[in-house]
Amino acid sequence: MLTIFSTPKPFRGHIGIIQRNALQSWKLLHPDVEVILFGDDEGAAETAREFGIRHEPEIRRAEQGTKYLNYIFERAQQIALHDVVCYVNCDIILPSAFRKAIELAASRRRPFLMVGHRWDTDVSEPVDFVQENWEEQLMTIVSDRGKQQADWYIDYFAFSRGLYRNIPPLVIGRVAWDNWLIWKARSLGAAVIQASPFVKAIHQNHDYSYHPSGAAGVWGDELAQRNKLLANWPKHFYTIENAQYRSTDEAIVWSGRHFLVDFRVLWKFLASRFWCAWFEFLGRTRKLRHAAGLRHENISTLLTKLGLRRVQNKPE
């Protein structure tokens, strides 16, 4: 069936509530779903025992305490009971449709990666999973007050075990690693499938108090910049739109939209490299150009005299 793995933040306060909600939703997908929780964070061992899920306390961290992605992904693929594995951020509630999408993707019998949009929703209390209609009630809240996030917010990665090897030392909790994972799957020839809107993954809103600088730090601190460098940002900045396929409630179908998106990504990369090279050229040739009289004001005067530049009358 499926092995889901994740790593939590400490189980305290609101974060503790929404993480417990997420874990219980994963367990309810199917009786044979395996859930692995990585890390020695506060409350992780106790919560794993309570829900009957596998706990792997060993984790590898950067100097600042942030967890390395490569250890979690590679270890999960080694110990998983199933051939389809899925990393999910520990604040995501997965609906029952997720299982159907996984089954459709796995039935194609070729390496794949399945991703999808998330719906940001305010959830402040424990979900009552004992109620038979808990999912229906929650989806009503999502439809009324939830917000679908942009294509570069990616919170789950379901893939064929063995797809990811030799992952660079990217850290979780910062930017770029999720976009790199999509690029990597495409570069390996895997089928990248986007499961939305068939699957509405519910992201339970929370603050960024775990970072001293809040959300700005997640995007711009030293670790975020290192992630971008390791992920070859922006060349390997792939999003959900780069998927070649999409999932419906009946089949996996081909989508040609990714050609346009791939071209746009390439164009932005080439444009950024062109301007970097251009400004470097201007800097290196400044003395030579000035010696030859090729200053900006001289060129502007010449273009005006040749009638190639319109003179703008100054207001009186």
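For the reader, a short list of remarks on this structure follows.
- Of all residues in region 107-119, exactly one satisfies the criterion of being at pLDDT below 95 and surrounded by 12 or more Cβ atoms within 10 Å (Cβ to Cβ), namely 108.
- Residue in region 135-146 that is among the aliphatic types (A, V, I, L, M), surrounded by fewer than 22 Cβ atoms within 10 Å (Cβ to Cβ), part of a loop (DSSP other than H, G, I, E, B) and modelled with pLDDT of 95 or more present: no
Conditions tested, residue by residue: (1) buried (at least 22 other Cβ atoms within 10 Å of the Cβ); (2) at pLDDT 95 or above.
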| site | (1), (2) |
| --- | --- |
| 80 | no, yes |
| 84 | no, yes |
| 101 | yes, yes |
| 121 | no, yes |
| 127 | no, yes |
| 170 | yes, yes |
| 174 | yes, no |
| 182 | yes, yes |
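- Residue check for residue 152: modelled with pLDDT of 95 or more, of a type in the set (A, V, I, L, M, F, W, C), surrounded by fewer than 20 Cβ atoms within 10 Å (Cβ to Cβ) and more than 24 Å from residue 10 (Cα to Cα): no
- Among the residues of region 15-54, just one is without any contact (Cβ under 8 Å) to a residue 24 or more places away in the chain and crowded, with 18+ Cβ neighbours inside 10 Å, namely 48.
The values are calculated or read from the model by the stated rules, or taken from the named source; none is laboratory data. The shown structure was predicted, so the numbers you read here are calculated from the model rather than taken from an experiment. With ideal geometry, Cβ positions are generated from the backbone for all residues, glycine too; neighbour counts draw on all protein chains shown.
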